[in-house]
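Working notes for the structure below.
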């Protein structure tokens, strides 16, 4: 029976790869669709997610973002506070008879720093993006004219977290390290179908259409210990794992790392294959730098996931702080 299940699973993956190679330019939600997997959210699915709330405990899934946050490539984050009157020392001239004083702030920010949502206009194949949209038809330096973050509706869904560290502790402890008392996977460890199935079985949960799936690798805290190493190599989702998760039609897939997928890449001749499989081919969103450790500590395997991202016109990505409620 196990062999039969493995064979059926393998055939499903082969069919999926072939179908995607032929048809990925055309979304299953129609030629005009710009939203992708959030089309799976319905009133019924939201009500079902709300039933997961049993304790009222909430978890901030976004990390604190600052100029010290590790970021991919040349991305940066700079925030400046300014007082009333435009001064930078907090001593702006009081206003009116009641001596009102204020502080404001402004920022020079890449939206792909820290905890972030990757939109459907973020990554493509040879300048072709989700649903066959060519970059020349929607890109503008002033913001995307299509596939922008502002059009994504509030995301309320069943969320699950998969403790991949625990799986490797049982099957291959050599891939688990301890840094400052915290367990994490080694950089470069790939997460594929066996590990996903292992976590599901271990935690007694299953995958459902419309889920938000988070992978706990424990690796986020490596950034505090060795920022250079953290940016060089991370554990993450492999192509087999991405294809497997995709068969369940998730809304989004995320992890507690800056890149979701394993780095160095499984195929050294290709870049970000998992991103390309999920976003342009399937319209599945990616969540990066998600804070998962407390969820795992509490064994909060299922929860209501809530995200209302800032609706900045034409934005490609967005710094976010989703909330898990159980």
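General observations
- Tallying residues that are more than 26 Å from residue 49 (Cα to Cα) and under 17 Å from the mean Cα position of the chain (by Cα) within segment 231-257 yields 6.
- The one condition in (1) surrounded by 12 or more Cβ atoms within 10 Å (Cβ to Cβ); (2) not assigned by TED's automatic domain parsing to the domain that holds residue 320 that residue 46 fails to fulfil: (2)
- Options 206, 211: the member that is buried (at least 16 other Cβ atoms within 10 Å of the Cβ) and either modelled with pLDDT of 95 or more or touching a helix residue (DSSP H, G or I) at 6+ places or on another chain (Cβ under 8 Å) (or both): 211
- Test for residue 269: is it more than 18 Å from the chain's Cα centre (by Cα) and either crowded, with 16+ Cβ neighbours inside 10 Å or at pLDDT 95 or above (or both): yes
- Some residue of segment 129-140 being in a strand (DSSP E or B) and assigned by TED's automatic domain parsing to the domain that holds residue 38: yes
- Considering segment 213-230, the residues that are free of Cβ contacts under 8 Å to residues at least 40 places away in the same chain and over 16 Å from the mean Cα position of the chain (by Cα) include one that is farthest from residue 35 (Cα to Cα), namely 226.
- Residue 153 meets each of the listed conditions (1) in a loop (DSSP other than H, G, I, E, B); (2) within 24 Å of residue 303 (Cα to Cα); (3) touching a strand residue (DSSP E or B) at 6+ places or on another chain (Cβ under 7 Å) apart from (3).
- Residue check, residue 134 without any contact (Cβ under 8 Å) to a residue 24 or more places away in the chain and out of contact with any helix residue (DSSP H, G or I) (no Cβ under 8 Å at 6 or more places or on another chain): yes
- Leading residue by the ranking (nearest to residue 288 (Cα to Cα)) among those in segment 28-48 that are out of contact with any strand residue (DSSP E or B) (no Cβ under 9 Å at 6 or more places or on another chain) and assigned to a helix (DSSP H, G or I): 39
- Filtering segment 150-174 to residues that are within 22 Å of residue 222 (Cβ to Cβ) and buried (at least 20 other Cβ atoms within 10 Å of the Cβ) leaves 161, 162, 163, 164, 165, 167, 168.
- Search result, residues across segment 88-106 that are surrounded by fewer than 11 Cβ atoms within 10 Å (Cβ to Cβ) and either closer than 27 Å to residue 65 by Cα or modelled with pLDDT of 95 or more (or both): 88, 89, 103, 105, 106
- The listed residues are 231, 239, 222, and the only one of them that is crowded, with 24+ Cβ neighbours inside 10 Å, closer than 26 Å to residue 169 by Cβ and either at pLDDT below 95 or touching a strand residue (DSSP E or B) at 6+ places or on another chain (Cβ under 9 Å) (or both) turns out to be 222.
- Residue in segment 292-308 that is touching a helix residue (DSSP H, G or I) at 6+ places or on another chain (Cβ under 6 Å), over 26 Å from residue 165 (Cα atoms) and either touching a residue at least 12 places away in the same chain (Cβ under 8 Å) or crowded, with 16+ Cβ neighbours inside 10 Å (or both) present: no
- Filtered by the rule that a residue be assigned to a loop (DSSP other than H, G, I, E, B) and under 17 Å from residue 294 (Cβ atoms), segment 49-58 gives 52, 53, 54, 55, 56, 57.
- Restricting attention to segment 222-278, the residues being assigned to a loop (DSSP other than H, G, I, E, B) and more than 16 Å from residue 113 (Cα to Cα) number 19.
- Residue match in segment 33-43 (condition: free of Cβ contacts under 8 Å to residues at least 40 places away in the same chain and more than 30 Å from residue 213 (Cα to Cα)): no
The values are calculated or read from the model by the stated rules, or taken from the named source; none is laboratory data. Just so it is clear, the structure is predicted and the values come from calculations on it, not from any experiment. All Cβ positions, glycine included, derive from the backbone under ideal geometry; neighbour counts span all protein chains shown.
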